Structures are given as C-alpha cells and as structure tokens.
Amino acid sequence: MNYRLPVGIQQAGHFSWRTFFVFTDGATFSSSGSGRPGKRVPASFATPGHRRNGGFTLLELLVVLVILGLLAGYVAPKYFAQIGKSEVKTAKAQIVALEKALDQYRIDTGHYPTTEQGLAALNAKPADEAQWDGPYLKKAVPNDPWGKPYQYKNPGEHSEVDIFSFGRDGVSGGSGQDADVTNW
C-alpha cells in the first residue's frame, strides 16, 4: 500500500507531499516527491512529525483525570438524587400494596387488624380471627426502603387506617427525602 501524506506547513495553498509505502512487517518506505528513493523506517515513525515512544506524558494523564473528575462531579449528584426519588416511589408503591392486602383482610373478617395485631396479621392468623382466610401477602411484610418497619394505626388519625414510613431519617416529619411517606 502507498499513502500520500502532506508534510510541513501549508504555504500559499501548497503542501509538500511524501509517499509512504507500508510493508507487511509494518515498516514503511518513504520517498519525497522528487523520485529519489527514501529510506526504510519503522512503523512508529511512519507519520511525519509524530514519534511514538510507547507512553503518555504526565500532562496528558492529568488532563484526562481532570476531565473524568468534572464528569463525575456533574453526573454523581444527579445519579444519587434519582436513587432518593426511587426509594420514595418504592415506599409509596409498597404502602398501596399493603392497603390492598388490608382491604382483602377487611372483606374476609369484616374489620381491619387492630394496631396491636399490626401488619403481621396479613401473614399470620391472629388467635381470635375465625374468618381469617390469608395469608394476604405472598411474602412477609416488607420493611420500608430504608430498612425500618412500616407504621400502622387502626383507627387512623387521617383515614380509616394509617400506614406510613418515617422516611430516610426515621423521625416523624421532615422534608425532601426525609419526609414521611403516608397513605393519606
């Protein structure tokens, strides 16, 4: 194969051309445009003005690290904000599923479990429930996405029954990701 490559700086629209012949062993043979034979050079010196010595300079590595740091600084906050939002959405979805299971419990027994029986009554038959036809959940009652148990009150203060999580901070109240997740 042979390649014609421009060499030098463009002056008034003219380039100086060289032809490089690439051999099967990777070496090249260069010739100037004058027809005089050139010399055989290693492939690493095939392109004019470039020498490859097999490594990167410290400056090149630092530039790459700065670029990676800037990208991480931009992407990481957005990524972790999405994780917080998904935990809240998961808690809301689990509360809705618990409400549906409680409604099924109520259909079978005529009432919701007491606060003392709690959400455990959805999986294990309470001692005094003759009409219980559960379990009403396929698995055990899940903890909230932050690893804490859901709170249950019957009668509820805001609806017939209250199901809620204290959020990421585990304390009543809060705002943002620390806000309580409720069924009301």
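The values are calculated or read from the model by the stated rules, or taken from the named source; none is laboratory data. All figures in this text were calculated on a predicted structure; none of them were measured in a lab. Cβ placement follows ideal geometry from the backbone for every residue including glycine, while neighbour counts extend to all protein chains displayed. SASA here: full protein model, heavy atoms, side chains in, ligands and nucleic acids out. Shrake-Rupley method; radii C 1.70, N 1.55, O 1.52, S 1.80 Å.
Does Lys89 fit the bill of being open to solvent by 60 Å² or more (accessible area, probe 1.4 Å), out of contact with any Leu (no Cβ under 6 Å at 6 or more places or on another chain), of a type in the set (Lys, Arg) and in a loop (DSSP other than H, G, I, E, B)? When the stated conditions are applied, Lys89 does not pass them. For Ser172, the conditions (1) open to solvent by less than 80 Å² (accessible area, probe 1.4 Å); (2) at pLDDT below 90; (3) under 30 Å from Ile83 (Cβ atoms) are fulfilled apart from (1). The one condition from (1) under 27 Å from Ala179 (Cβ atoms); (2) surrounded by 17 or more Cβ atoms within 10 Å (Cβ to Cβ) that Thr109 does not meet is (1). When Gly38 is tested against (1) touching a strand residue (DSSP E or B) at 6+ places or on another chain (Cβ under 7 Å); (2) modelled with pLDDT under 90; (3) in a helix (DSSP H, G or I), exactly one condition is not met: (3). The residues in the stretch 126-169 that are open to solvent by 30 Å² or more (accessible area, probe 1.4 Å) and either assigned to a loop (DSSP other than H, G, I, E, B) or aromatic (Phe, Trp, Tyr) (or both) can be counted, and the count is 27. With respect to the conditions (1) farther than 16 Å from Gln94 by Cβ; (2) in contact with a Phe, Trp or Tyr (Cβ under 8 Å, 6 or more places away or on another chain); (3) surrounded by fewer than 14 Cβ atoms within 10 Å (Cβ to Cβ), Thr115 falls short on a single one, namely (3).
Checked against (1) over 30 Å from Phe80 (Cβ atoms); (2) free of Cβ contacts under 8 Å to residues at least 12 places away in the same chain, Trp132 meets all criteria but (2). Entry remark, the stretch 128-155: residues being aliphatic (A, V, I, L, M) and over 32 Å from the mean Cα position of the chain (by Cα) number 1 in total. Go through the stretch 105-125 and report how many residues are in a helix (DSSP H, G or I) and farther than 16 Å from Tyr152 by Cα. Total meeting the criteria: 3.
Looking across the stretch 170-184, the residues that are part of a loop (DSSP other than H, G, I, E, B) and in contact (Cβ under 8 Å) with a residue 12 or more places away in the chain come down to Gly170, Ala179, Asp180, Asn183, Trp184.
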